[in-house]
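> My questions all concern the structure below.
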Amino acid sequence: MSTTQKPETVASIALTDSAIDQVRQFMVQEKVAIDTAGLRVSATPGGCSGFRYWLNIEEHALPDDHVVEQDGLRVFLDASSARHLSGAEIDFISTVDASGFKIQNPNELSDCGCDCSEECPA
């Protein structure tokens, strides 16, 4: 006999105003339907560098997704990513040198940044 468990609820995930503005600009560029589209955020363990993140504009949520809405913007999370991203904040940083999304995640145990496997030298 097998049982099905309901995915854990996301305690919180937040986007800064800058991140929301940038995602909306991407949605306009991608010409997606604003009323159904959203930002998919995925996280997978990434060795000693903490997590690896993927962000993508998608036209709609998948049936098993957690959907978090902030200021009319939807964020789509699969169950595994939802556990990894609970309490995270997504920001968009733009400087003279570079621009991009930055994720502050309290669930990361380490952020050494060497991006090697779990067998990293200390």
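> What value in Å³ per residue do you get for the convex hull of the alpha-carbon atoms in region 24-76?
On the way: hull volume 4.7 nm³, N = 53.
Given the Cα convex hull of region 24-76, per-residue volume reads 89 Å³.
> Give me, ordered by chain and number, the residues 5 or more places off L15 or on other chains with an amide H under 5 Å from its own placed amide H.
I90
> Enumerate the calculated ³J(HN,Hα) couplings along region 55-70 in order (Karplus 6.51 cos²θ - 1.76 cosθ + 1.60, θ = phi - 60°), each rounded to whole Hz, writing x wherever the residue is Gly or Pro.
10, 8, 7, 10, 6, 6, 6, 8, x, 8, 5, 7, 10, 10, 10, 9
> Name the long-range amide H neighbours of K102: under 5 Å, sequence gap of 5 or more, or other chain; modelled H, no Pro or chain starts.
D91, F92, I93
> Can you compute 3J(HN,Hα) from phi for each residue in region 96-107, using the Karplus curve 6.51 cos²θ - 1.76 cosθ + 1.60 with θ = phi - 60°, rounded to whole Hz and x for Gly and Pro?
With the stated coefficients, region 96-107 comes to 4, 7, 6, 9, x, 7, 10, 10, 9, 10, x, 8 Hz.
> Sort 83-93, 62-72 by packing, meaning the average of other beta carbons within 10 Å per residue, with the highest value first. Don't jump to the answer; show the numbers that get you there.
Values: 83-93: 18.7, 62-72: 12.6.
Order by mean packing, descending: 83-93, 62-72.
> Still on this model: Non-local amide H neighbours of G46 (under 5 Å, H modeled in plane, Pro and chain starts lacking H): which ones?
The answer is F51, R52.
Quick note: the coordinates plus some simple rules give every number you see, no bench work behind them. Worth saying up front: this structure is predicted, and the values here are computed from it rather than measured. Positions of Cβ are backbone-derived with ideal geometry, glycine not excepted, and every protein chain shown enters the neighbour counts.
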